[in-house]
1. Note the per residue figure in Å³ for the convex hull of the C-alpha positions in the chain.
2. Separation between the Glu66 and Arg35 pseudo-spin-labels, each 7 Å from Cα along Cα→Cβ, expressed in nm?
3. Starting with the fewest neighbours, write out Met1, Met67 ranked by other beta-carbon atoms found within 10 Å of each beta-carbon.
4. Quick one: what are the phi-derived ³J(HN,Hα) couplings along segment 15-30, Karplus 6.51/-1.76/1.60 with θ = phi - 60°, whole Hz, x for glycine and proline?
Amino acid sequence: MFAFAIYHQFESGSRVTQVVINDGAGHHADDEAIRELQALGFVTIDDGRAGFTKRGEGLLDRIAAEMRRAASDKPEP
């Protein structure tokens, strides 16, 4: 879910705060992964959507920032 959210956030330039669990077109989140993310306090589930909690949004922000930082690193000569 985090990879999906970050991809769409990078693509659109807009903050992603929730994702559809099952889009009906073959893309769906794994039930076990959803349960684990809920247990860790990263998402809540409401009406077929996983919404990132404040804790989840913080992790999403840190992952995205680290990806941007890594992409901007210059390779060593």
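1. Values: hull volume 9.3 nm³, N = 77.
So the per-residue Cα hull volume is 121 Å³.
2. In this crude spin-label approximation the distance works out to 2.6 nm.
3. Working: Met1 20, Met67 12.
With the fewest neighbours first, Met1, Met67 line up as Met67, Met1.
4. 5, 9, 10, 7, 9, 6, 6, 9, 7, x, 10, x, 9, 8, 7, 5
Every number in this text was worked out from the coordinates using simple rules, so none of it is lab data. Keep in mind it's a predicted model, so treat the numbers as computed, not measured. Because the Cβ atoms are built from the backbone with ideal geometry, glycine has one as well, and the counts that use them run over all protein chains shown.
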